[in-house]
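First comes the structure, then the notes that go with it.
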Amino acid sequence: DAKGRGRAGFRFYSAELTAQAKQRGMLETALRRAESAGELVVFYQPKIDLASTRLVGAEALLRWQHPSLGLVQPDKFIGIAEDTGLIVGIGAWVLKQACRTARRWNENSSQALKIAVNLSSRQFRDNDLVALVSDYLQATGCSPAWLEFEITESLLLEDNEAIGIALKAFRAMGISIAIDDFGTGYSSLAYLKRFPINVLKIDRSFINDVMLDRDSTELVKGIITMAHSLRLELVAEGIENAVQEQFLQDFGCHFGQGYRYGKPMPQASFEAHPLMLACRQKNAGRAPQSQQP
Ligand code: C2E
Ligand code: MG
Ligand code: MG
Ligand code: MG
């Protein structure tokens, strides 16, 4: 009967919840020692100039090399890291790696490659992020011009004065600030006036549907027009094919990222990637390449 089914359904549901909670607890425990155990790895995904399809930089994307689970993707553990506050330490670690890599890629190079780093709301709350960033820049010899921070619209909706102050300080230092997953938040666009944003990253879902669905086509055109008139840099995320690329080129989107150019990959693979080699070659005539470990 209905009641019986309901109870069985509840039992099943609650058993599933318990299993989920256990799994989460297990991941949390493992995540607590992941950094010190050397299990965290930063992957890099190429970002290109759409007009020339040349490399202009990369996004740093975290991976967790778990001893038994294998390579764990961020959607499995970033949420846990944010809820527990572990993201503060982990995010700082990612930032330092990105600074080191930016220094390595840019020293003796005339053509700057910028590395974009994702920042969570917790990182703005739990420590003096601006001081931390200055320290890392100094310690690694990374120029602020080689860094971009990606934040989400929801961060700007938080009623937190410290966020605006930190963003202003970063821009004053010369670090770019990008809105990630642009178009998926619920925000009014007023934050573009209130905060020192200089880059928009159009969410992958719009790019995915750009040739399939008229609304997405018009939305993307509208975002491109708005970015041009507000003098914002524009990056399209999730470009997978030539049709999407052509559309974005035709309408004057500046930069692109997606599997069409390269998936997120380990640093060594990135440095051996044809896009990087082409960039190095262009440089070689102008300045000597350093041989660094
Ligand atoms: P995100 O910042 O929006 O990063 C873009 C995501 O889209 C990445 O997923 C990337 O692998 C994926 N992607 C890029 N191009 C394509 C494409 O052409 N097709 C498809 N299907 N996907 C594409 P990933 O690496 O799994 O990262 C997921 C999210 O995890 C990121 O989304 C970001 O919000 C978060 N994340 C990753 N690393 C960090 C980190 O160091 N700190 C923080 N706070 N969040 C991070
Ligand atoms: Mg991002
Ligand atoms: Mg995104
Ligand atoms: Mg995201």
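Search the range 200-221 for residues being within 13 Å of ligand 1 (Cβ to nearest atom) and in contact with a helix residue (DSSP H, G or I) (Cβ under 9 Å, 6 or more places away or on another chain), and hand back the single one that is modelled with the lowest pLDDT.
210
Would you please list the contacts, defined by Cβ atoms under 8 Å and residues six or more apart or on different chains, that run from a residue in the range 171-184 that is near ligand 1 (Cβ under 10 Å from one of its atoms) to a residue that is open to solvent by 40 Å² or more (accessible area, probe 1.4 Å) and among the basic types (Lys, Arg)?
Filtered contacts from the range 171-184: 181/204.
Any idea which of (1) surrounded by 14 or more Cβ atoms within 10 Å (Cβ to Cβ); (2) modelled with pLDDT of 95 or more; (3) part of a loop (DSSP other than H, G, I, E, B) is the one residue 224 doesn't satisfy?
Every listed condition holds for residue 224 apart from (3).
Every residue, every condition in (1) open to solvent by less than 100 Å² (accessible area, probe 1.4 Å); (2) at pLDDT 95 or above, yes or no:
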{"position": "2", "(1), (2)": "yes, no"}
{"position": "9", "(1), (2)": "yes, no"}
{"position": "16", "(1), (2)": "yes, no"}
{"position": "22", "(1), (2)": "no, no"}
{"position": "25", "(1), (2)": "yes, no"}
{"position": "35", "(1), (2)": "yes, no"}
{"position": "38", "(1), (2)": "yes, yes"}
{"position": "41", "(1), (2)": "yes, yes"}
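Just to be sure before I move on: is residue 100 in a helix (DSSP H, G or I) and under 17 Å from residue 232 (Cα atoms) in the structure I sent?
no
So how many residues does the range 46-62 have that are open to solvent by 20 Å² or more (accessible area, probe 1.4 Å) and either under 11 Å from the mean Cα position of the chain (by Cα) or closer than 21 Å to residue 98 by Cα (or both)?
Counting residues in the range 46-62 that are open to solvent by 20 Å² or more (accessible area, probe 1.4 Å) and either under 11 Å from the mean Cα position of the chain (by Cα) or closer than 21 Å to residue 98 by Cα (or both) gives 4.
Does residue 220 meet the test of being in contact with a Phe, Trp or Tyr (Cβ under 7 Å, 6 or more places away or on another chain) and within 16 Å of ligand 4 (Cβ to nearest atom)?
Against the criterion (in contact with a Phe, Trp or Tyr (Cβ under 7 Å, 6 or more places away or on another chain) and within 16 Å of ligand 4 (Cβ to nearest atom)), residue 220 does not qualify.
Of everything in the range 178-217 that's among the aromatic types (Phe, Trp, Tyr) and surrounded by 15 or more Cβ atoms within 10 Å (Cβ to Cβ), which residue is nearest to ligand 4 (Cβ to nearest atom)?
Of everything passing the filter in the range 178-217, 182 is nearest to ligand 4 (Cβ to nearest atom).
Here is a list: 87, 115, 80. Which entry is closer than 25 Å to residue 203 by Cα, modelled with pLDDT of 95 or more, assigned to a helix (DSSP H, G or I) and within 16 Å of ligand 2 (Cβ to nearest atom)?
Criteria check complete, one pass: 87.
With respect to residue 124, is the statement that it is free of Cβ contacts under 8 Å to residues at least 60 places away in the same chain, within 12 Å of ligand 1 (Cβ to nearest atom) and open to solvent by 10 Å² or more (accessible area, probe 1.4 Å) true?
Spelling it out, residue 124 is indeed free of Cβ contacts under 8 Å to residues at least 60 places away in the same chain, within 12 Å of ligand 1 (Cβ to nearest atom) and open to solvent by 10 Å² or more (accessible area, probe 1.4 Å).
Could you pull out the residue among 247, 251 that is open to solvent by less than 80 Å² (accessible area, probe 1.4 Å), in contact with a helix residue (DSSP H, G or I) (Cβ under 9 Å, 6 or more places away or on another chain) and away from ligand 3 (no atom under 16 Å from the Cβ)?
One residue alone meets the criteria, 247.
How many residues does the range 243-259 contain that are under 17 Å from the mean Cα position of the chain (by Cα) and not in a strand (DSSP E or B)?
Matching residues across the range 243-259 total 2.
(1) more than 16 Å from ligand 4 (Cβ to nearest atom); (2) open to solvent by 20 Å² or more (accessible area, probe 1.4 Å): which one isn't true of residue 175, the others all being true?
Unmet condition: (2).
If residue 65 passes every condition in (1) open to solvent by less than 60 Å² (accessible area, probe 1.4 Å); (2) at pLDDT 95 or above but one, which one does it miss?
Result: residue 65 passes all but (1).
The values are calculated or read from the model by the stated rules, or taken from the named source; none is laboratory data. Owing to the predicted nature of the structure, the values given are computational and were not obtained by experimental measurement. Methodologically, a virtual Cβ is constructed for each residue, glycine included, from the backbone with ideal geometry; neighbour enumeration extends over all protein chains shown. In case anyone asks, the SASA skips ligands and DNA or RNA and just uses the protein heavy atoms, side chains included. Shrake-Rupley method; radii C 1.70, N 1.55, O 1.52, S 1.80 Å.
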